[in-house]
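The values are calculated or read from the model by the stated rules, or taken from the named source; none is laboratory data. Small disclaimer: the values here were computed from a predicted structure and weren't measured. Ideal geometry is used to build each Cβ from the backbone, glycine not excepted, and the neighbour counts take in all protein chains shown.
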Amino acid sequence: MTGHDFPDALKQLLDEFSRSGIRELHIRKSDFELYLSSDASAARPRAAMTVVAPVSASPTQPAATPKPIAAPIAPISSLPDDAVIINAPNLGTFYRAPKPGAANYVEVGSKVQAGDELCLIEVMKLFTAVRAGTSGTVHAVLVEDGAMVEGGQPLFALVRD
Amino acid sequence: MPIKRLFVANRGEIALRIVGAAQALNIETVVAVSDADRDSAAARLADRSIVLGPAAAAKSYLDPRLIVHAAKESGCDGLHPGYGFLSERAILPRLCAQHGIAFVGPEPDVIDALGDKLRARAMAGAAGVPLVPGSECVASAADARREGDRIGYPVLLKASAGGGGRGMVIANNGDEAEAGFHKASAEAVAAFGDGTLFMERFVPEARHVEVQLMGDGKGQVLHFGERDCSVQRRYQKLIEEAPCAAMPDHLRRQLHESAVALAASVNYRNAGTAEFLFDVQRQEFYFIEVNARIQVEHPVSEAITGFDLVQEQIRIAGGADLSVSQQDVKISGHAIECRINAEDAARDFLPSPGRITRWEPPQGPGIRLDSHMSAGAMIPPFYDSMVGKLIVHGSDRADAIARLADAIDNFVVEGVPTTLPLHRAIIAHPDFIENRIHTRWLEQVLLPDYGKKAA
């Protein structure tokens, strides 16, 4: 959803949106789409989806061993200047495949179109797809499959074609 | 089983307060933050902080699934909800229970029951707690006079379908009750299509008093004295005191007994507060509601009892028994708290987020500051405007007021306007000093003059 080439403009927009009292804002422009809603239960037009829980999730796991927050696999500083970073929209568990045993949505080198699914973020069995905001090639996958990611954490680096 | 790692599902000063309490008990802490609070004081003090999501509370602090997911994945076995946000939403303890996390608060069913005003009122009545005297439906003007005579004037005639003050009339005697019946009923028909009325005693000058409770969930409930929170603006408390100096001892005992009886009747677990309206003229108190959480103003009760309520909350959630008995709870001196909000009182209390450039709080015996602020700290625009709570403890009420005046005079804040100057004006007012205030005093007496001086 966010490319690192316009974070200031986006942050400004978010601030304005939060202050304005506007309930919904939907912008679509060539390879860019942004949907803001102040209502958490609002159905997002494209970005959200729900799928069946993967079998790997055990329902009543006692709190014992914390999952470390995923450390980036590749240092962000080593990425090309024109790389577009795809960040996690919120905290959750990062899944690279639609279900256990299935092929990953993307691998390094995959060509993606704007709007293509890249991964799932799971919160309490609710799975939300993260989509590419631009077309390009997957340059790096920055998080291990199954790791917990924080809100705003970098997940993928894409290079525009 | 004692909690080993506590998840703090809140922000601001209360998140910092909870982290401090957990550390005193040698419990690890994980603080949930939104993107706007990454660098908060609580996040820095905790063993670990986790970014839930964007600044908007609906996508971070108000999402129970996100919070319990984060608590579980970070290996926490306890969760403290603080106040506000999800603290009184039963879904949070329900999700915690499903995932083996101890919730620092009451049972979800108790939260649900107390959150429903009518159910809470029925529970209070069943426990023998005084309720505002009132009537069933009144069908005629003659009925209204009879009920008014029975309840005692002044009375409020209210539309049972009502709201927003429409179909509401105050009557000071039997004639006004009869006339008021016709007026209120006609208004109610016009506004709601239903002229059914009921009556309730009207208390023109009430104080807000509340009792701090702590239960073990097995039927034992202790009280930690009462608080007087009568300085309010639009039902928001600004100043809280403990004890309620305007209440005689025999009523105070009844108040405590009522509150404890109500909480014990539902085997209340953890911290809660029973709120009452105190009619000073009649020397009677009536039940309002129970808040099923720790409250903003808990430090004044801690000051006069010397007891750490948040630590006790965490211990009880970990399965411990109450660490003291009622006779160990001794009240000493008088405490006053003022809520410091980043608001401009001269501009109708406009919230004023921004960066604090100077923050030099007062220090000294009997002074406590609960705040997450410091010089250079940012007050984000997304949440409430409270930046801290200044609490003083003195030998009696006059001593506490004098200490508070000194403390405010020595408190330097720059960068954003705060309510500190208003607090200074309140505590210098003869009505406050002589303790003649009520819940509408600030709006009716002080603020009109205060506005003139500011303009």
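Counting only residues that are hydrophobic (A, V, I, L, M, F, W, C), give me the strands (runs of 3 or more DSSP E) lying completely in region B:313-402 with at least 2 of them. Please lay out each step first, then the result.
Values: elements: B:334-341, B:358-360, B:367-371, B:386-394.
In region B:313-402, B:334-341, B:367-371, B:386-394 are the strands (runs of 3 or more DSSP E) which contain 2 or more residues that are hydrophobic (A, V, I, L, M, F, W, C).
Sort out which residues of region B:88-108 are touching a residue at least 40 places away in the same chain (Cβ under 8 Å) and closer than 21 Å to residue B:320 by Cβ, and write them in order of number.
As a first pass, look at region B:88-108 and keep what is touching a residue at least 40 places away in the same chain (Cβ under 8 Å): B:88, B:92, B:101-107.
Listed by number, the residues that qualify are B:101, B:102, B:103, B:104, B:105, B:106, B:107.
Are there helices (runs of 4 or more DSSP H) fully within region B:1-102 with at least 2 residues that are at pLDDT 95 or above and surrounded by fewer than 19 Cβ atoms within 10 Å (Cβ to Cβ)? List them. Full working, then the answer.
Values: elements: B:12-24, B:41-45, B:64-73, B:91-98.
Of the helices (runs of 4 or more DSSP H) lying wholly inside region B:1-102, those with at least 2 residues that are at pLDDT 95 or above and surrounded by fewer than 19 Cβ atoms within 10 Å (Cβ to Cβ) span B:12-24, B:41-45, B:91-98.
Can you work out which of the residues in region B:131-165 that are assigned to a strand (DSSP E or B) and exposed (fewer than 15 other Cβ atoms within 10 Å of the Cβ) is modelled with the lowest pLDDT?
Our first condition is that a residue be assigned to a strand (DSSP E or B); within region B:131-165, this holds for B:134-138, B:155-163.
Next, from what is left, pick out any that are exposed (fewer than 15 other Cβ atoms within 10 Å of the Cβ): B:136-137, B:163.
Numbers: B:136: 81, B:137: 86, B:163: 64.
Only one residue tops the list, namely B:163.
Give region B:403-455 a look and list any residue that's of a type in the set (Val, Ile, Thr), surrounded by fewer than 19 Cβ atoms within 10 Å (Cβ to Cβ) and not in a helix (DSSP H, G or I), or say none.
Listed by number, the list holds a single entry, B:412.
Which one of A:108, A:123, A:141 is over 24 Å from residue B:64 (Cα atoms) and touching a Ser or Thr at 6+ places or on another chain (Cβ under 9 Å)?
Details: A:123 fails: over 24 Å from residue B:64 (Cα atoms); A:141 fails: touching a Ser or Thr at 6+ places or on another chain (Cβ under 9 Å).
Answer to the check: A:108.
For the condition closer than 20 Å to residue B:53 by Cα and hydrophobic (A, V, I, L, M, F, W, C), what is the one hit in A:114, A:147? Lay out the reasoning, then the answer.
Working: A:114 fails: closer than 20 Å to residue B:53 by Cα.
After applying the criteria, what remains is A:147.
Name every residue in region A:119-157 that is within 14 Å of chain B (Cβ to nearest Cβ), part of a loop (DSSP other than H, G, I, E, B) and in contact (Cβ under 8 Å) with a residue 12 or more places away in the chain, in order of residue number. Working first, answer last.
Initially, region A:119-157 is screened for residues within 14 Å of chain B (Cβ to nearest Cβ), giving A:120-128, A:130, A:143-144, A:146-155.
Checking the rest, the ones that are also part of a loop (DSSP other than H, G, I, E, B) come to A:124-125, A:143-144, A:146-147, A:150-153.
The answer is A:125, A:143, A:144, A:146, A:147, A:150, A:151, A:152, A:153.
Looking at region B:297-307, is at least one residue part of a loop (DSSP other than H, G, I, E, B), surrounded by fewer than 22 Cβ atoms within 10 Å (Cβ to Cβ) and either among the charged types (D, E, K, R) or in contact with a Gly (Cβ under 8 Å, 6 or more places away or on another chain) (or both)? Spell out the reasoning first.
Residues of region B:297-307 that are part of a loop (DSSP other than H, G, I, E, B), as a first pass: B:297, B:306-307.
Now narrow it down to the ones that are surrounded by fewer than 22 Cβ atoms within 10 Å (Cβ to Cβ): B:306-307.
Retained after the next criterion (residues that are either among the charged types (D, E, K, R) or in contact with a Gly (Cβ under 8 Å, 6 or more places away or on another chain) (or both)): none.
There is no residue in region B:297-307 that is part of a loop (DSSP other than H, G, I, E, B), surrounded by fewer than 22 Cβ atoms within 10 Å (Cβ to Cβ) and either among the charged types (D, E, K, R) or in contact with a Gly (Cβ under 8 Å, 6 or more places away or on another chain) (or both).
Residue B:203 passes all but one of (1) surrounded by 22 or more Cβ atoms within 10 Å (Cβ to Cβ); (2) among the aliphatic types (A, V, I, L, M); (3) within 21 Å of the chain's Cα centre (by Cα); which number fails?
Going through (1) surrounded by 22 or more Cβ atoms within 10 Å (Cβ to Cβ); (2) among the aliphatic types (A, V, I, L, M); (3) within 21 Å of the chain's Cα centre (by Cα) one by one, residue B:203 breaks only (1).
Could you check region B:65-97 and list, in sequence order, the residues that are more than 7 Å from chain A (Cβ to nearest Cβ) and not hydrophobic (A, V, I, L, M, F, W, C)?
Scanning region B:65-97 gives B:78, B:80, B:81, B:82, B:83, B:84, B:87, B:88, B:89, B:93, B:94.
Does region B:7-24 contain at least one residue that is within 14 Å of another protein chain (Cβ to nearest Cβ), in contact with a Ser or Thr (Cβ under 9 Å, 6 or more places away or on another chain) and not basic (Lys, Arg)?
Yes, region B:7-24 has at least one match.
Within region A:124-151, count every residue that is out of contact with any Phe, Trp or Tyr (no Cβ under 6 Å at 6 or more places or on another chain) and within 24 Å of residue B:92 (Cα to Cα).
So the answer is 8.
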